[in-house]
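Below: one structure, written as structure tokens.
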């Protein structure tokens, strides 16, 4: 009787042990989806980035990545991660997780050293086609994308296809008020891109002002000869008058002499 009572509980526990082992095998196999074999490099980079995010205490953003489809990010990406405090106040339905992650990622691997080259007023496209990120660059401690400041640069650096940076708020479209979370930041709207640079054309010179009339020519620089003075013409008239008087005197004298001769003959 003793051996029978000892063997019976073992035979009853064998099926339960096999069931537990089978469940463990199923769970372990389900943790490696088929995409891991088709994209081993991308999956490895995502797993490495998730580990770096958790190490930097961005647990809520990691949860959102795990909620997204595994094939959502199959290339180069830069994640812009709101911290847990900012995400705790955000209302995000489960259906908007993909849209949220696309708005908070850039389809390129950009370290902060790359972002620093973007001047204020430039735009960076997000992974969502209709979402642009406007840059406000006032240095390392005052670098904004739309309404959020970049506070923890270069968190994800181990993989070759994933980069991530921590930001202090949920990104809003560029047409929203930028000063909601930052008291001194002005309202910013998306502006059309500047026109292509063209070579400046020199402006035509204004017409020359009319020259002033020439001053009248004075007597000392007049090139034309001046007429003889009035005094000379007056002297000429006197000479003519004297000649006339002398002729008259000669006539009178001649007449007197003729009269005397005539009287003498009588």
Query raised in the report: Sorted from fewest to most neighbouring beta carbons within 10 Å, what does the list 67, 257 look like?
Result: 257, 67
Report task. May I ask you to order 75-82, 140-147 by the average number of other C-beta atoms within 10 Å around their residues, highest value first? Result -> 75-82, 140-147
Query - Contour excess over end-to-end distance, with Cα ends at residue 111 and residue 265 and 0.36 nm allotted per residue - result: 39.8 nm
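Dividing the alpha-carbon radius of gyration of the range 82-178 by 2.2 N^0.38 Å (N being the number of residues), what value is obtained?
Normalised by 2.2 N^0.38 Å, the Cα Rg of the range 82-178 equals 1.04.
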Query - Burial ranking of peptide ranges 111-120, 243-252 (average Cβ count within 10 Å, highest at the top) - result: 111-120, 243-252
Query raised in the report: Hey, can you rank 48-58, 85-95 by average C-beta count inside 10 Å, highest first?
Result: 48-58, 85-95
Query raised in the report: What per residue convex hull volume, in Å³, comes out for the range 68-120 when only alpha-carbon positions are used?
Result: 109 Å³
Query - Fraction of the pair-distance distribution of the range 98-149 above 12 Å, Cα-Cα pairs, percent - result: 63 percent
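A short reminder: the numbers here are calculations on the coordinates, not readings from a lab. This one's a predicted model, so the numbers in the text were calculated from it and none came from an experiment. Cβ sites come from the backbone with ideal geometry, for glycine too, and all protein chains shown count toward neighbours.
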